[in-house]
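Below is one structure, written out as C-alpha cells; comments come after it.
The values are calculated or read from the model by the stated rules, or taken from the named source; none is laboratory data. Since we're looking at a predicted model, the values are computed, not measured. FYI the Cβ positions are ideal-geometry reconstructions off the backbone, even for glycines, and counts take in every protein chain you see.
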Amino acid sequence: MAPADPPPRVPGQRPGGTGAPGLHARSAAAPDDPALLDLAALEERARGLLPPAVVDYYAGGAEGEITLAEATGAWRAWRLRPRVLRGGPPVQLSTRLLGSDVRTPIGIAPWAYQSLAHPDGERGSARGAAAVGALMTVSTSASAALAEVAAAEPHAPKWFQLYRRHSPAYTDDLARRAGQAGYRALVLTVDLPVLGLRLRDVANRMALPTGFPLGNAPPPGTPAAPTPEWTFDDISRFAGLSGLPVVVKGVLRGDDAARCVQAGAAAVWVSTHGGRQADPVVSSAAALPEIADAVGDEVEVYADGGIRSGSDALTALALGATAVFVARPVIWGLATGGAEGVADVLGGLSAQLAHTMALCGLSDVRSVPRDTVASAR
Ligand SMILES: Cc1cc2nc3c(=O)[nH]c(=O)nc-3n(C[C@H](O)[C@H](O)[C@H](O)COP(=O)(O)O)c2cc1C
C-alpha cells in the first residue's frame, strides 16, 4: 500500500474508553439527557484530532457532493404530526432486527478503516454499540479481522458487510467465516460496482499508511481479480454459503427492492453510501417511501444517510424503516472518545428519538404510523 500523506495517528488524541468504568451500565432504554448530544461540536473536536486527509476521507462525498449536502435536509423536508392525549413516556425503543434483540433502532452503518480514527478501531465501536444495546455492522474493509471484532463483544448482535472487492473464492470464504464467527446477517453492499469519484481523496492522494492493518484482506499471493459483478442470484447463493439472512444495502428504487425480495433478501437497506458513489442521486429520505411500498410487510427495510437527530430517525421510521443506521457521527464519536464516544453518540441519538416520540404521543418504536409525518410543502 502506498504511504499515506498524513500519519494515521496524531498527538493529543484522547485515548479511547476501552474498559471505561460504567460503559456497560449505560442503557438506551433509560437514556441520557437528549439535549446533551452536540454533533456539530463533536465533529469539530474530531477534525482537530485527525489529519486533514483522513478528515476528508471520512467527511467527503463523490463528485459535486450534492447527495452528501442534501442528505440531512431531505429528512427535514418532512414535518412531524404529534398526536395528543395518547399517553406518553416510557417510550419503548427496543426492537428486533432479523430476529436479534436490540435496545435501540439506531445502529452503526459499516465504515472502513476504523483504526485511522482511533487505535481501538472496530473493537472500540463494538464495545460502544454493545454498551447501549445497538447493532453494529462490520465492514469488509475493517482494520480488524471479522473474528476479532465478533470476539470483542461476543453476545452483542453484529452483521457483516460484504464487498465484492476480492476474488470469488476469497469472497465466498469471508461469507462462510462471517456465519461461523457468529454474525447474525450478511449485508451485501451493491452500490459499488466501481468506486465513486471521491475528488477530495484524489486531490489529497489519500492512501493507507504502509503496514496499515486490513484484517479481512486475503493472504499474500491470493489472486487479486475481484469477483464479477453480483446479480440477484447471488442473494440466495450467499445466504446458503453463510447460513445467514442477507440484507441488500444500497437500494434506491422500488423495482430493485421488489426484485431483491423475490430473490430471497431478508431485508433491504436504503442508502446512497453516504453520498460517496453516484452523484447526484435521489436521497434516502426520498427513496424510502417508494421502497417501503414496494416490499410491503414482507421484509424489514433500513435506511441511512444524513440521520443526525432523533427527529430524523423518527421520520425514517414513519416512512417505513424498521431501523436506521449512522456512520459519520459514530466516526467522530470514536475519534474523540473511543468506545465511550461511540456509546455517547448512539445513546444520545436514541435519547433524542425517545424524547421526540414522547412529544409526538408515540410509545413504541415498532409501530410508528406512516401519518406521523407529512411533507413540509
Ligand atoms: C468513511 C466511510 C467509510 C464507509 N465504508 C463503507 C464500507 O466499508 N461499506 C459500506 O457498505 N458502506 C460504507 N460506507 C457507507 C456507510 O455504510 C453509510 O451508508 C453512510 O455513510 C451513512 O450515511 P452517514 O455517514 O451520513 O450516516 C462508508 C461511509 C463512510 C463515511
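Annotations
- Single residue of segment 326-367 satisfying the filter (part of a helix (DSSP H, G or I) and among the polar types (S, T, N, Q)) that is nearest to the chain's Cα centre (by Cα): Ser350
- Residue ID - farthest from the chain's Cα centre (by Cα), chosen from residues in segment 280-325 that are outside any loop (DSSP other than H, G, I, E, B) and over 20 Å from Arg366 (Cβ atoms): Ala294
- Residues that are under 13 Å from Thr372 (Cα atoms) and either surrounded by 21 or more Cβ atoms within 10 Å (Cβ to Cβ) or among the hydroxyl-bearing types (Ser, Thr, Tyr) (or both), drawn from segment 76-107: Trp78
- In the set Ala354, Ala286, Ala303, only one residue is within 16 Å of the ligand (Cβ to nearest atom), closer than 25 Å to Asp38 by Cα and touching a residue at least 24 places away in the same chain (Cβ under 8 Å); that residue is Ala303.
- Which listed residue is acidic (Asp, Glu) and under 15 Å from Arg79 (Cα atoms), from Asp371, Asp344, Asp364: Asp371
- Test: residue in segment 53-67 that is within 16 Å of the ligand (Cβ to nearest atom), of a type in the set (Ser, Thr, Tyr), in contact (Cβ under 8 Å) with a residue 12 or more places away in the chain and in contact with a Gly (Cβ under 9 Å, 6 or more places away or on another chain): yes
- Ala117 within 13 Å of the ligand (Cβ to nearest atom), of a type outside the set (Val, Ile, Thr), farther than 15 Å from Val247 by Cβ and crowded, with 21+ Cβ neighbours inside 10 Å: yes
- Residues being within 15 Å of the ligand (Cβ to nearest atom) and farther than 11 Å from Asn216 by Cα - total across segment 129-148: 5
- Conditions (1) touching a Pro at 6+ places or on another chain (Cβ under 9 Å); (2) within 16 Å of the ligand (Cβ to nearest atom); (3) under 30 Å from Glu298 (Cα atoms); number of the one not met by Gly348: (3)
- Residue match in segment 121-132 (condition: in contact (Cβ under 8 Å) with a residue 40 or more places away in the chain and surrounded by fewer than 22 Cβ atoms within 10 Å (Cβ to Cβ)): no
- Test: Tyr170 is in contact with a Ser or Thr (Cβ under 6 Å, 6 or more places away or on another chain), at negative phi and more than 16 Å from the ligand (Cβ to nearest atom): yes
- Taking each residue of segment 316-343 that is farther than 16 Å from Leu50 by Cα and of a type outside the set (S, T, N, Q) and looking for partners that are assigned to a loop (DSSP other than H, G, I, E, B) and within 11 Å of the ligand (Cβ to nearest atom) with beta-carbon atoms closer than 7 Å, six or more apart or interchain, yields Ala316/Ile307; Val324/Ile307; Phe325/Ala109; Val326/Ala109; Val326/Ile307; Ala327/Ala109; Ala327/Trp111.
- All conditions in (1) surrounded by fewer than 22 Cβ atoms within 10 Å (Cβ to Cβ); (2) more than 14 Å from the ligand (Cβ to nearest atom); (3) under 23 Å from the mean Cα position of the chain (by Cα) hold for Asp234, with the sole exception of (1).
- Asp312 of a type in the set (Asp, Glu) and either within 14 Å of Gly73 (Cα to Cα) or within 15 Å of the ligand (Cβ to nearest atom) (or both): yes
- Any chance Ile291 is out of contact with any Cys (no Cβ under 6 Å at 6 or more places or on another chain), modelled with pLDDT of 95 or more and either of a type in the set (S, T, N, Q) or more than 12 Å from the ligand (Cβ to nearest atom) (or both): yes
- Identity of the residue in segment 176-210, among the polar types (S, T, N, Q) and within 30 Å of Ile66 (Cβ to Cβ), that ends up farthest from the chain's Cα centre (by Cα): Asn204
- Taking segment 157-190 as the range and being aromatic (Phe, Trp, Tyr) and surrounded by 23 or more Cβ atoms within 10 Å (Cβ to Cβ) as the test, the residues that pass are Trp159, Phe160, Tyr183.
- Neighbours by Cβ (under 9 Å, 6+ apart or cross-chain): first from segment 96-112, at positive phi and polar (S, T, N, Q); second modelled with pLDDT of 95 or more and within 14 Å of the ligand (Cβ to nearest atom): none
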